[in-house]
Every structure is written in C-alpha cells, then in structure tokens.
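Shown next, in structure tokens, is the structure this report addresses.
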Amino acid sequence: MNYCFCPRAFYYQRVKGMKRGFVDWRTVVGIALHRVIQTLHEERGYFSRPAVVGRLLEGFYHQGRESFYLRGIEVREAGIGSLEPYVVMLQGYMAREENREAEVLLAEANYRFRIEPFRTTYCLEGSVDQLRRNRDGTLELVEFKSGRRRDYSPFRLMLDYQLSMHAYALYRGEFQIEGDGEWRVLNLTPHHLSLYFLQDHLPYQRSGRRVDAGEGKVVVYRKGEERGQGLYRTTRPLQRLQSIPEELGRVCAAIRRGEFYRRPSELCQRYCPFKGYCEGELGLLSSLQFYGEFKKGRGVVNASS
C-alpha cells in the first residue's frame, strides 16, 4: 500500500492529483524485470537459453522509458551503469528448478475488493505479480523485489500489508482475467505468500561475514556464493484472513481523517518524485526554486481537487 510507504507522498499523488515529475531509472529496470519474468513463463523455451535475458531486459527497459516519456515524466538516469547485474539476477532466477517447474496461474493481474470493517465501505484495488502452482501442488503468491533486501524476518513478513491485501483479494476479491477481461471471484487461499528478492542471486565478490538483518545472526559467506535464499515465505491462516478487513480498515480510516504525515527514509533523497514539493512545504527551497518545481510539473495540482 502506497500510503504505508509514505502517507505524505500518497497525499500529493492521490489527494492533490499532483503529477510525478520524474522516476529513477531503477524504477524502470524494476518494471522491465517483471516483464522479463512474465515472458520467461509464457515462452518456456527461454528457460534453456539464459543468454537471451539480456536482450529481453534491454528491450523492456527502453519500452518502459519511452512510456514514461510519452506521459511527460522524466526518467533520471544519473548514475546508471550496465544492466549486467540485473541480467545476473534473472539468470539466477532461471537456474532455480522450482522456478522452471512452477505453473504460473496469474501474472501481473489486477484485483479489487470491498471491506466494511466499521460500518463504512472501502473499495481497494491492486495487482499481484505472480500466483503459481508449485511442483508439489501448493499454491504460492509471489511478489518480486528488485531492491536490496533489508529486514524481512518472519515477524516482519506476518505484518506486511501488501501481502495481506493480496491474500484477502484471492480469498474474497475479484480478479481481472487476462484474455476476456472479465472479473472473477477466485476464492483461493495460497499455502505460501512470498517476497522474492532478486538481488539475492547476485554472487558475493569476496569472502567475509555479515549480520543477517532478519535473524540477527552472523553469517559467513564465500566469494561466488549467492547473497541469500531469494524467496521468503509467510502465510495467512483462515483466522488471520478474516481479520484483514479490520487491519486494512484502520489504514483507510487514517486516510479519511487526513493523517498524511511524512515518513522519511533513505529512499527519499534519490527516489521520491515529490521530493521538491515536500522540501518547498518545509521551507528548504527558496521561493524561486519552489516556483521552478511547479513549472517542472512536480507541484501541479489537479484543478478538480
């Protein structure tokens, strides 16, 4: 949920209707990675041709950049280097037997559902990256992440709002089925809800040790080893599924109350497309600079708001 990431950014985009002034190139790469994975499962012959992913990734990256350009959104490419690390991530994904053998049931699928936790109706929408049937017959919902893995302990996974939304959508929501475009209730309860950190497939460049962010243990690693297991699983038992409307309802109620506070993080400086407007509100920009932010489209308020 975008609100949980930063309520103030949610306010700028969804309440005030402000245009995103830019996106970082890593965002475009992330979109391209999703497209490549979807293509790998649609054209399964690609799994035996790891060399092809570089061409696929580059093609989807340029398509994504062009899409943002046509919408008047700048793609900031300062610091962009080779796409080779992302190719390595994809090849690591392809090398996993469980990925090659999985049957993908949904890919980049939109959903919608309603909740009425406190006698107030809220309509929520989202999309899932992948719903798969594993070789052992289990259903697994997978959310791909292209950024660096931080704290994803079992407790953190149990609290993840995004996974909870996806789980409830499969349980009680409607999905738009590719092909006919119809909305259908699936009534599914996956055995696993998972975050897949693709950067875990990158090999260490030297041997050493580190403290695992999730478990707090010291981990010894060797040069050439992958950085992690990639797939981090949790679940939502039936009792927890039935309580999700109340959990999400509290977030929705905060939005209705206008609780749009700032949630600063290390990502603000580099990635936030509303950073200029936020700085202007805080008095960190001069009047002339603030006016310039508006002219670039970062502070354009929708006339209907």
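What does the helix-only formula give at 222 nm for the chain: each DSSP H stretch with n ≥ 4 adding -39500 (n - 2.57), the total divided by the residues, and the result rounded to the nearest 500 deg cm²/dmol? Present the calculation step by step, with values, prior to reporting the outcome.
Details: 12 runs with 118 residues, N = 305.
Dividing the helical sum by the residues of the chain leaves -11500 deg cm²/dmol.
Dividing the convex hull volume of the alpha carbon atoms of the range 18-171 by its residue count gives 157 Å³ per residue. Across the range 176-188, coupling constants 3J(HN,Hα) worked out from phi with the 6.51/-1.76/1.60 Karplus curve, θ = phi - 60°, read 7, 7, 5, x, 8, x, 6, 9, 9, 7, 9, 6, 10 Hz, and Gly and Pro carry x.
Computed over the chain, the convex hull of the alpha-carbon atoms projects to a mean area of 18.4 nm².
Looking at the chain only, what percent of DSSP beta bridges run antiparallel? Nearest 5 please.
Details: 29 of 38 bridges.
About 75 percent, rounded to the nearest 5.
Legend: ranking of residues PHE47, PHE197 from fewest to most surrounding C-beta atoms inside 10 Å; resulting order PHE47, PHE197. From the alpha carbon centroid of the range 106-180 to that of the range 256-281 is 25 Å. Rounded to the nearest 20, the Cβ-based charge dipole of the chain about its Cα centre (Lys and Arg +1, Asp and Glu -1) stands at 920 debye. Residues whose amide H lies under 5 Å from that of GLU143, counting only those 5 or more places away or on a different chain, are SER194, LEU195, TYR196; hydrogens are built 1.01 Å from N in the peptide plane. Each residue of the range 51-67 was assigned a 3J(HN,Hα) from its phi angle through the Karplus curve 6.51 cos²θ - 1.76 cosθ + 1.60 (θ = phi - 60°); the sequence is 5, 6, 5, x, 5, 4, 4, 4, x, 5, 4, 5, 4, x, 4, 5, 4 Hz, with glycine and proline shown as x. Taking the convex hull of the alpha carbon positions in the range 149-248 and averaging its projected area over all directions gives 8.3 nm².
Every read-out reported here was derived from the displayed coordinates using simple, explicitly stated rules and does not represent laboratory data. As the structure is a prediction and not an experimental result, all values here were calculated from the model. When we count neighbours, we look across all protein chains shown, and the Cβ atoms used for this are built from the backbone with ideal geometry, even at glycine.
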